[in-house]
1. What's the number of the condition TRP42 fails, among (1) in contact with a helix residue (DSSP H, G or I) (Cβ under 7 Å, 6 or more places away or on another chain); (2) part of a helix (DSSP H, G or I); (3) open to solvent by less than 10 Å² (accessible area, probe 1.4 Å); (4) of a type outside the set (A, V, I, L, M)?
2. How many of the residues in segment 1-39 are among the polar types (S, T, N, Q), within 9 Å of the ligand (Cβ to nearest atom) and in a loop (DSSP other than H, G, I, E, B)?
3. Given (1) part of a loop (DSSP other than H, G, I, E, B); (2) modelled with pLDDT under 95, identify the lone condition not met by ILE88.
4. If we keep just the residues of segment 153-195 that are within 12 Å of the ligand (Cβ to nearest atom) and surrounded by fewer than 15 Cβ atoms within 10 Å (Cβ to Cβ), which is modelled with the highest pLDDT?
5. Among (1) open to solvent by less than 70 Å² (accessible area, probe 1.4 Å); (2) hydrophobic (A, V, I, L, M, F, W, C); (3) away from the ligand (no atom under 13 Å from the Cβ), which single condition is ILE70 missing?
6. Give the residue that is farthest from GLY9 (Cα to Cα), with candidates limited to residues of segment 204-230 that are touching a residue at least 12 places away in the same chain (Cβ under 8 Å) and open to solvent by 90 Å² or more (accessible area, probe 1.4 Å).
Amino acid sequence: MKHIVILTGAGISAESGLKTFRDSDGLWEGYNIEEVATPQAWKRNPVLVQDFYNMRRKAVLEAKPNAAHIALARLEEKYKVTIITQNIDDLHERGGSTNVVHLHGIITRSQSSKNPNYTYPIDGWELKMDEVCELGSPLRAHVVWFGEAVPMIETAMDICNRADIFILVGTSLAVYPAASLISYVGHEITKYVVDPKIPPIYNLIGLIKIEEKASIGVPILVDKLLNDLK
Ligand code: APR
């Protein structure tokens, strides 16, 4: 079975009502990222950070997978599929995909503020300030903040290295190390990108560009890839 690897970003969830990061003047739901998504912010103002992620979690729980998430799941009928997502929502899973790597964590889980390896499911949208992990430290959202290590990056590099087909959807490729993953995909591998504003990808020979919103472009591409095996 051919292995399709898909790297997704905020653009795939935009049509589910979850805002992207860089389409809104550098603000994220009205916040400067440094105020809410760094270890320093958590130290400075944990209540603000907790509230911010509680609001994001609420929005994620209310959102539904769109046609793009659902179409990607159909690829599993004929391909081995691995989705590497930078998104902290769970819309790929709810759209039916069974093999999803969350590079930047997932907002429906909490993690120990002492040891990121201790993670737990969150019941509902609210993580309260007095909730602690089994080590006795406060719980925070299970997301990778700016300035923190990306524990899944080596796994993701290895997956990209083993791709037979590679697809990018809805990412500006502005954030490293995620943006470097493309360089682990073999030169000879067919690569597609679906984005209304194609990100600047240099040195990518033979890149096939689908300049469309995810809900339009992804189902078209999935139909093509499934038809290729008929
Ligand atoms: N369909 C497809 N793509 C879209 C759509 C849509 N409907 N709407 C916007 N896009 C595209 C934009 O053109 C852009 O290329 O989605 C991309 C969104 O880029 P970013 O906002 O930078 O999101 P992302 O690349 O996921 O950001 C990476 O940065 O803030 C951090 O950790 C956060 O995981 C995030 C990382």
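The values are calculated or read from the model by the stated rules, or taken from the named source; none is laboratory data. Keep in mind that this is a model prediction, so the values were computed, not measured. Heads up, the Cβs are rebuilt from the backbone with ideal geometry, glycines too, and the neighbour counts pull from every protein chain shown. To get the accessible areas, we keep the full protein, side chains included, count just its heavy atoms, and leave off ligands, DNA and RNA. Shrake-Rupley method; radii C 1.70, N 1.55, O 1.52, S 1.80 Å.
1. For TRP42, the failing item is (3).
2. Initially, segment 1-39 is screened for residues among the polar types (S, T, N, Q), giving 8, 13, 16, 20, 24, 32, 38.
Then drop every residue that is not within 9 Å of the ligand (Cβ to nearest atom), which leaves 8, 13, 20, 24.
If we keep only those that are in a loop (DSSP other than H, G, I, E, B) too, we end up with 20, 24.
Counting residues in segment 1-39 that are among the polar types (S, T, N, Q), within 9 Å of the ligand (Cβ to nearest atom) and in a loop (DSSP other than H, G, I, E, B) gives 2.
3. (2)
4. For segment 153-195, the residue satisfying everything is PRO177.
5. Condition not satisfied by ILE70: (1).
6. ILE205
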